[in-house]
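The values are calculated or read from the model by the stated rules, or taken from the named source; none is laboratory data. Values in this document were obtained by computation on a predicted structure and should not be read as measured data. Cβ coordinates were reconstructed from backbone atoms using ideal geometry, including for glycine residues, and neighbour counts include every protein chain displayed. The protein model used for the area step is the full one, side chains on, heavy atoms only, and it has no ligands, DNA or RNA in it. Shrake-Rupley method; radii C 1.70, N 1.55, O 1.52, S 1.80 Å.
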Amino acid sequence: LAQAQRWISLMRMFRVPAGRFHIVHAQDIAQIVRASIDLEYKTGEAERFVLGNPAQSANDFLQEFCAHYGKSFGWGININTSFADALIRIFRIRLSPWDRYCMLNPDQSFSASVTPADFGMTPAFPNFPSMLESVDFDALRDA
């Protein structure tokens, strides 16, 4: 996020209509892992689940990021796979296999995700704006 901050003026001009994903803070992941280990110890059965707050669109994510820095998020250019591929070739951007997968499969949302609340705990960061408020971006940038 600290690196993304310097690109915010450019990022706010783009829209990703199909992008959806879950976001979760490491502190909430730790709570969930601890609770699931305790539950597995008591029941003897392991559960599989997706960690994360309810899915949000990439555009909502960008809008919240811009709002945190007082940047407007009005009009924008829709980014589709063909346009993204062209930008990647023009600017010689190297994508990891995961980045490429996400670009080709922009909806990474699941019908049900797990938060600390599902284990009777209070999430430390229930949404993206609360995560942004917790980060000292100046300290990250200077490090």
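Hey, among the residues in region 1-16 that are open to solvent by 60 Å² or more (accessible area, probe 1.4 Å) and within 15 Å of the chain's Cα centre (by Cα), which one's farthest from ALA124 (Cα to Cα)? Only one residue tops the list, namely GLN3.
Of the residues making up region 49-71, those that are of a type in the set (Phe, Trp, Tyr) and either more than 25 Å from ARG15 (Cβ to Cβ) or in a helix (DSSP H, G or I) (or both) are PHE49, PHE61, PHE65. From the list ILE77, ILE32, the lone residue that is among the hydrophobic types (A, V, I, L, M, F, W, C), within 18 Å of PRO126 (Cβ to Cβ) and either touching a Phe, Trp or Tyr at 6+ places or on another chain (Cβ under 7 Å) or surrounded by 17 or more Cβ atoms within 10 Å (Cβ to Cβ) (or both) is ILE32. The C-beta contact set for region 73-99 (first residue free of Cβ contacts under 8 Å to residues at least 60 places away in the same chain, second residue of a type outside the set (Lys, Arg) and in a helix (DSSP H, G or I), distance under 8 angstrom, 6+ apart or interchain) comprises THR81/MET103; THR81/LEU104; ALA84/MET103; ILE93/LEU87; LEU95/ILE88; LEU95/MET103. Farther than 22 Å from ILE23 by Cα and hydrophobic (A, V, I, L, M, F, W, C): is that true of ILE93 in this structure? Criteria met by ILE93. Selection over region 35-63 of residues that are farther than 17 Å from MET131 by Cα and either of a type in the set (Phe, Trp, Tyr) or exposed (fewer than 13 other Cβ atoms within 10 Å of the Cβ) (or both) gives a count of 12. Here's a check for you: in region 1-19, which residue that is in a loop (DSSP other than H, G, I, E, B) and free of Cβ contacts under 8 Å to residues at least 24 places away in the same chain is farthest from GLN108 (Cα to Cα)? Among them, the one singled out is ARG6. State whether one or more residues within region 67-81 are modelled with pLDDT of 95 or more and not β-branched (Val, Ile, Thr). Checked against the condition, which is being modelled with pLDDT of 95 or more and not β-branched (Val, Ile, Thr), region 67-81 yields no hits at all. Scanning region 103-137 for residues that are outside any loop (DSSP other than H, G, I, E, B), open to solvent by 40 Å² or more (accessible area, probe 1.4 Å) and not polar (S, T, N, Q) turns up LEU104, ASP107, ALA117, ASP118, PHE119, PRO129, GLU133. Residues that are part of a helix (DSSP H, G or I), under 13 Å from VAL16 (Cβ atoms) and either open to solvent by 40 Å² or more (accessible area, probe 1.4 Å) or of a type in the set (Ser, Thr, Tyr) (or both) within region 80-90 comprise THR81, PHE83, LEU87, listed in sequence order. Among the residues making up region 22-48, those that are in contact (Cβ under 8 Å) with a residue 12 or more places away in the chain, of a type in the set (Val, Ile, Thr) and in a helix (DSSP H, G or I) are ILE29, ILE32.
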